[in-house]
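Report on the following structure.
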Amino acid sequence: MTPQEALALLQEASGRTARFVRKFHHGNEGAYLIEEPGGRQSVLKWAHGDESAPRWHRKHQAIQPLLERLSVAGYPVPRQEPPLLIRNTALLLQELAPGTVSDDVSPAFVDTVCDLIELQADIAEDLSGSWGGKVVETLTNGGFRHAHEPLISHSPRTKSISQRIKKIASTLDPLIFVDGDVVHGDFDHRNILRDDGTVTAVVDWDSFTCVGDRYFDLATFVYSLEFADLDAGTETYALERLTSAVEPAVFAAYAAYLSLRFCTWMLVYQQGRDDYDDWLERFLSRSERWLDLADDLLVSPGAGKS
């Protein structure tokens, strides 16, 4: 579906007219800047398909109350309008937040992120109860954008990663996990907008957003530092913050979960990239290092702590 077709559906569903300005280039979900008469700019997202659009629409209906709770708690989250569903397309309009994406990450910014994530604590305590089971089930049998089969079939190396992930899953008790927090689910530094060093918004609350353990977002942030511009010692410091916040078994679970996610992402969705081989190697090496650290922590729990 083109932006112009999406805008025509927006007008049909809401009576609002707008023009397409540009596509945002960061993030895996499509996001488009639009402008209404009078100059008001918003971010437009959509999902298209007889099955995917209703599912996406329901997902964002569930996300919206969580974002409202975060906003009340002082969290920098853009305002979203109720999602629209028209025939086989779901539409979502979001406030255009100030700030820009930056790849620069320092220890001070790590501290800012840790403070921000603490605001997600207990926001959805009344909706908790399934996070640990979801983690164990996904690691064992796969799930949405987390699949073992591509790893098993690609090469002996990726098959070994799959086996290590399942081994970790077999040791986990779902009751060890924190629950009741809001989880962004794709919390990397490029989803954090900044203006002159100040965080102005966390964006891209989408497919992975749910209720669970806020420290999964910290794990995602630290894992994704592979692709940031880091000050000296930043990654070591970020790992220390993470491993000090969670038990070794929880770190192992999240190391396995992120390894499964990003290896699946590369093997299934990124094969057309010109730099595919380089990126695949980076993700495989990243996964192996995190799984090695998980093994070390499980044997010697103080290994990752300062």
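Go through 9-18, 236-245 and give me the packing order, highest mean Cβ count within 10 Å leading. Let's see the in-between values first.
Details: 9-18: 14.9, 236-245: 19.0.
Answer by packing, highest mean first, reads 236-245, 9-18.
In the chain, Rg over Rh equals 0.97, where Rg is the alpha-carbon radius of gyration and Rh the Kirkwood radius from pairwise Cα distances.
For the range 161-306, what is Rg from Cα atoms divided by 2.2 N^0.38 Å, rounded to two decimals?
Dividing the Cα Rg of the range 161-306 by 2.2 N^0.38 Å gives 1.06.
When the helices of the chain are scored as -39500 (n - 2.57) per DSSP H run of n ≥ 4 and the total is divided over every residue, the value at 222 nm lands at -14500 deg cm²/dmol. Excluding residues on the same chain fewer than 8 positions from Lys167, give the aspartates and glutamates whose Cα lies under 20 Å from its Cα. Within the straight-line limit of under 20 Å, Lys167 reaches these aspartates and glutamates: Glu137, Glu149, Glu247, Glu288, Asp292, Asp295, Asp296.
How high is the relative contact order of the chain? Use alpha-carbon pairs under 8 Å, at least six apart in sequence, and give a whole percent. Write out the running numbers ahead of the final one.
Values: 506 pairs, mean separation 51.9, N = 306.
Averaging sequence separation for qualifying contacts and normalising by length gives 17 percent for the chain.
Ranked from largest, the principal axis spans of the Cα set of the range 245-306 equal 41, 16, 16 Å.
Reported value for the range 207-258: 84 Å³ per residue, from the convex hull of its C-alpha atoms.
With Cα atoms as the point set, the radius of gyration and Dmax of the range 85-227 evaluate to 17.4, 48 Å.
Report, as a whole number in µm² per second, the diffusion coefficient that Stokes-Einstein gives for the range 1-156 at 37 °C and 0.692 mPa s using the Kirkwood radius over alpha carbon pairs. If you can, show how the numbers build up before the last one.
Values: Rh = 18.5 Å.
Translational D for this selection: 178 µm²/s.
Once every Cα of the range 3-95 carries one equal point scatterer and solvent is ignored, give the base-10 log of I(q)/I(0) from the Debye formula at q = 0.18 Å⁻¹, two decimals. Each listed q corresponds, in turn, to -0.85.
Here the relative contact order of the range 170-246, from alpha carbon pairs under 8 Å that lie six or more residues apart, stands at 33 percent. The distance between label points at Ala62 and Val299 comes to 3.9 nm (points 7 Å beyond Cα on the Cα→Cβ vector).
3J(HN,Hα) couplings calculated from phi for the range 58-66 with the Karplus curve 6.51 cos²θ - 1.76 cosθ + 1.60 (θ = phi - 60°) are, in sequence order, 4, 4, 6, 5, 6, 6, 4, x, 5 Hz; Gly and Pro show x.
Could you calculate the contour length gain from Thr2 to Lys166, that is, 0.36 nm times the residue separation minus the distance between their Cα atoms, to one decimal place in nm? Extending this stretch completely gives an extra 55.0 nm.
Read-outs: derived from the displayed coordinates by stated rules, not from any lab. Just so it is clear, the model here is predicted, and its values are computed rather than measured. Cβ sites come from the backbone with ideal geometry, for glycine too, and all protein chains shown count toward neighbours.
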